[in-house]
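The block underneath contains the structure these notes are about, expressed in C-alpha cells.
Laboratory data are not the source of any read-out in this text; all were calculated from the coordinates shown. Given the structure is predicted, the values throughout are model-derived calculations rather than measurements. Positions of Cβ are backbone-derived with ideal geometry, glycine not excepted, and every protein chain shown enters the neighbour counts.
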Amino acid sequence: MPKSANKPRKRSREEATHYALGARIRTAILTILNDGPASHSELAKLTGLGVSAIGHHIQELVDSGSIELAVVVQVRNQNVHVYRAIKRAYTSDEEAEEASSEENNEVAAFILQGFTAEALCALWAGKLDAHGRRVKMSWDTFRVNPQTREKIHEEQLESWERIVKLACEGVNSLAESGEEGVSVVMGSFGFERSRDPRTPYPLEVKAD
C-alpha cells in the first residue's frame, strides 16, 4: 500500500476553524499570537503548559493552516521556532466582489477564528462581566427585505469606520500621554443565516 494512503486528510478551512476553537489551549495560543509572533517556549510559558505538551497543539494548528511558522532563528546553537497568527481583517465591498467565493469564505473563517478565540478567552478570564467594565454584547436574528438589509449593511460600514477612527485617535493619545491603556476587542457582524427560520413550537396550548 502506498504511504500516501495512510496520510491524514487535510482539514478544510471550515474544519480547521472548528478544530482551532475546540480546546482552551488552542484558543489561548490564537489570542497570544494575535499580539504578534511568539516562540514555542514563550507559548508554553504563557499558557502554563510544558514545551512538549504544547508542541502537539502548535503542530496541529500549523498543519491546519490556522497559524504559521514565521521564522527559525539560531539562539545559543539551537533552532528557535517562531510562530505567528494568520490574520484576515476587514474587506471592503469592492474587494469582496472581486474575490472568489472560496477566498471570501477563507477571510470569514479567519475573522471568526480570531474574534471567537478572543471572546472565549475573555469569558474564561471573567472579562465579559459588565459590572464595572465597558462591555457591550448583543445579537439577534431579523427577517428583512433587501432594501432594509442594504440599509443595515451601510450602517454597519459607517459605524465600523467611526470605531476605527476613534481607535486611531486613542492610540495617538496614549503615545502623547505615556499611559498604558487597556486592550479591547471590537467586532461587527452581519450575515445571512444558514437556514430559513422555522415555526416555533407553541408554548401556550389553548384548551379544547
### Query
Magnitude of the Cβ-charge dipole of the chain, K/R +1 and D/E -1, about the Cα centre, nearest 20 debye?
1100
### Task
Sticking to Cα atoms, compute the Rg of the chain to one decimal and its Dmax as the biggest Cα-Cα distance, whole number, in Å.
21.5, 84
#### Entry: Positive-end residue of THR148, SER188, LEU43, charge dipole of the chain with Cβ unit charges
LEU43
### Kirkwood Rh and Cα Rg combined as Rg over Rh, evaluated for region 138-192
1.16
#### Entry: SER92-ASP140 pseudo-label distance in nm [points 7 Å out on the Cα-to-Cβ vector]
3.3
#### Entry: Two-decimal ratio, region 11-133, of alpha-carbon radius of gyration to 2.2 N^0.38 Å
1.16
### Query
Stretched out fully, how many nm does the piece from ARG133 to SER194 gain, at 0.36 nm a residue minus the Cα gap?
18.6 nm
### Query
Can you give the relative contact order of the chain as a percent, counting alpha carbon pairs under 8 Å and 6+ residues apart?
18
### Query
In nanometres, what is the gap between the two model label sites at VAL185 and ALA167, each 7 Å from Cα along Cα-to-Cβ?
1.3
### Task
Set Lys and Arg Cβ to +1 and Asp and Glu Cβ to -1, take the dipole of the chain about its Cα centre, and tell me which of VAL135, SER100, GLY65 lies farthest positive.
GLY65
### Förster-model FRET efficiency, 25 Å R0, ILE25 and ASN105, C-beta, rounded to 0.05
0.45
### Query
Counting other Cβ atoms within 10 Å of each Cβ, which chymotrypsin sites (Phe, Trp or Tyr not before Pro) in region 139-208 have at most 16 and sit in a DSSP loop?
TRP139, PHE142, PHE189, PHE191
